[in-house]
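The structure appears right after this line, and notes come after that.
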Amino acid sequence: MEVDRTSHELRPMTCELGHLSRSDGSATLTQGDTTVITSMYGPGDVRISKEIIDKATVEVTYRPKIGLPKCSDKLKERLIRNTCETVILSGLHPRTGIDIILQEMQNSGSFLSCCINSACLALLDASIPLKYLIAAVTCCISDKGEITLDPDLKQEKKSVAILTFVFDSKDFNVVTVSTSGSFSNEQFQSCLMACREASKHVITFYRESMLKKLSKSV
Amino acid sequence: MRETPLSTCERDFILSVIADRKRIDGRQTYDYRKIKIVFGIDRGCCSVELGKTRVLAQVSCEVTEPKQTRPTDGILFMNVELSPMACPSFESGRLSDEGVELNRLLERCIKESRCLDTESLCIVAGQKVWTIRIDIHVLNQEGNILDCASIAAITALVHFRRPDVTVSGEDVTIHELDDRDPVPLSVHHMPICVSFAFFDQGKFLLVDPENGEEKVMDGKMVIGMNKHREICTLQITGDMLLLKEQVLRCSNIAVVKVQEISELIQTALENDKTARSEGRKYGFAESIEREQITTHHTDITNVDMEDITKTNHETMDEEENQEQENSEENKVTILEKGTGIVGEGGRNSWLMSDDDEDVKIEPSIPNKSKKHKQKEKKEAYSFGDDSEEEETVVLDESDLHMIKKVPGSSDSVDLQSLKPSKSTPGKKKKKR
């Protein structure tokens, strides 16, 4: 169901904020057909064994759609957790827990970046103090060496390498990099530059969605 | 995280409202909340919203060995996940008592009612059968998860298509989805659970209890029924006693509700079918209502890549140059077998910056020994007056007015001490 597009385009993005009534913050983000629901609780009480005395404990749970979480899912969970922990000003809420839960709804490529972006939106929705926003962008390198931004599943399958970058919103420095496949140093640099440019559009998207959400006072 | 308990005040309020034959969300006694069914891109994936309660179901299949006792039957497996996303008190990975009850009830409703023809899932008797797995994820808990989950499970099961299989002799070919159209499962009927909550020893009855009502109810009755008025499962929990008439009355209500919900599922399936065949957009991305204030949508955004490629080449060139320079600097010279040196004769970076300054300041005294220099440095800090040699410094005219002559000291000071910040009184200067 993917629409034809050039390799330098991001798929259409749609987000819905605060639609889950039980959680403190929630967001559904779709990038093309890839859909992720994120909900989060906190800062709230935390199990004593996991309590940290000078900052909040950040926990991330990722749930795949089919079956129990596998090793690769745990890796993804870890990556998202580490990324979120660097962003949250956890020192402001010592001895509390911040729980982030992600649910896969539809994986149609660039899944990791969709997960991270929806986590960022959920954190925004819950008004958790953050150092900066984070924008994740995935790109893939085809066997001919062409770079495709925000690839769908078909493009990912054809590619030789998939790279996901996470940038901060202040100086657009790299926060996280996740790669698979083989690529040259030069290719890595050009992917980095392309994704950095694309991440600016993601940040704009965040800003517009928050502006829209807060445009009316209750 | 613990769940916020219901206060006595809230409890009393809900009960008093029910006694007035009203409900806290304004519904009538027999009303269901609004049901919304959305299908994903994948076959067998659907999300059902019952008011604010939300459940995601996904059906998947794989080829396995059949059970020894039933060699010609496929296997249906159900898994209910009470994800912490739904409610803070749910824990991931561990199934609570509530989760076990939910899983068992759904199994009884869907598996044991034999709505799925398991014999048609057999590929080779005793060797290969299809195992159908239904994963149910609860996304938001606002009461009556069971009804929502049963609707989601049966809808997903009907929506699902498994890959086609051809068997010729011993060879089994499973066709790819692009290769041959996948086939639907044979579902005989659609059992749907309807929950009734009882209050005040069965005096009051409510259909589709929401979260608050579920917390204060005396007990609950679940009727699993299909549209042919066949009861598939019936369960009563809680500490209450019911009359025979009440059970009958509930089953009559269930008949009506099941009819309505079945029709709703059918129309949802039809809509999805036409959307897919006509090539219209479908899936979760399309189901989000864009007019709401909490939603935002952007179309395809074009990322300007021309500048990037240009700057990228520049940075790459720079880096390459740097690398080349580095490679020249870091050339390894082999002294003898097994010994090599890197970067011989480079600037010594171990000396303190103060030393450098000293050296620069004294260009007029080129033949100073190293020992001498060290001494000078020492003096610059300590201004010691026990030096045996007399120090000589050449000054130009501009420096002259800054020099203070003070009797009592016999030593001269390094130029550094002449700087206003460092100049110390009590120093005598000798000039030549």
ask   = Conditions: (1) of a type in the set (Gly, Ala, Ser); (2) within 14 Å of chain B (Cβ to nearest Cβ); (3) without any contact (Cβ under 8 Å) to a residue 60 or more places away in the chain; (4) crowded, with 17+ Cβ neighbours inside 10 Å. A:Ala194 meets all but one. Number of the miss?
value = (3)
note = When every residue in the stretch B:1-43 that is more than 14 Å from chain A (Cβ to nearest Cβ) and of a type in the set (Phe, Trp, Tyr) is compared, the one surrounded by the most Cβ atoms within 10 Å (Cβ to Cβ) is B:Tyr32
query = Before we move on, is A:Ile128 more than 14 Å from every other protein chain (Cβ to nearest Cβ), of a type in the set (Val, Ile, Thr) and surrounded by 21 or more Cβ atoms within 10 Å (Cβ to Cβ)?
reply = yes
request  = Would you check which residues across the stretch B:189-217 are among the hydrophobic types (A, V, I, L, M, F, W, C) and in a strand (DSSP E or B) and list them?
outcome  = B:Ile192, B:Cys193, B:Val194, B:Phe196, B:Ala197, B:Phe198, B:Phe199, B:Phe204, B:Leu205, B:Leu206, B:Val207
key: The listed residue being under 30 Å from B:Asn211 (Cα atoms) and in contact with a strand residue (DSSP E or B) (Cβ under 9 Å, 6 or more places away or on another chain), out of A:Glu51, A:Glu16, A:Glu9, A:Glu77   = A:Glu16
inquiry  = Given the options A:Pro69, A:Pro43, name the one that is surrounded by 15 or more Cβ atoms within 10 Å (Cβ to Cβ), within 9 Å of another protein chain (Cβ to nearest Cβ) and in contact with a strand residue (DSSP E or B) (Cβ under 7 Å, 6 or more places away or on another chain).
reply    = A:Pro69
inquiry  = Restricting to the stretch A:52-90, name every residue that is of a type in the set (A, V, I, L, M) and within 18 Å of the chain's Cα centre (by Cα).
reply    = A:Val58, A:Val60, A:Leu75, A:Leu79, A:Ile80, A:Val87, A:Ile88, A:Leu89
ask   = In this structure, does A:Pro64 turn out to be surrounded by fewer than 24 Cβ atoms within 10 Å (Cβ to Cβ) and closer than 20 Å to B:Arg94 by Cβ?
value = yes
ask   = How many residues does the stretch A:84-112 hold that are under 24 Å from A:Ile141 (Cα atoms) and either free of Cβ contacts under 8 Å to residues at least 60 places away in the same chain or away from chain B (no Cβ under 14 Å) (or both)?
value = 1
Answer residue from the stretch B:110-152, given it is within 14 Å of chain A (Cβ to nearest Cβ) and aliphatic (A, V, I, L, M) and is surrounded by the fewest Cβ atoms within 10 Å (Cβ to Cβ) among those = B:Ile132
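Readers should treat all values here as calculations from the given coordinates under stated rules, not as data from a laboratory. Since we're looking at a predicted model, the values are computed, not measured. Every residue, glycine among them, receives a Cβ derived from its backbone with ideal geometry; neighbour counts consider all protein chains shown.
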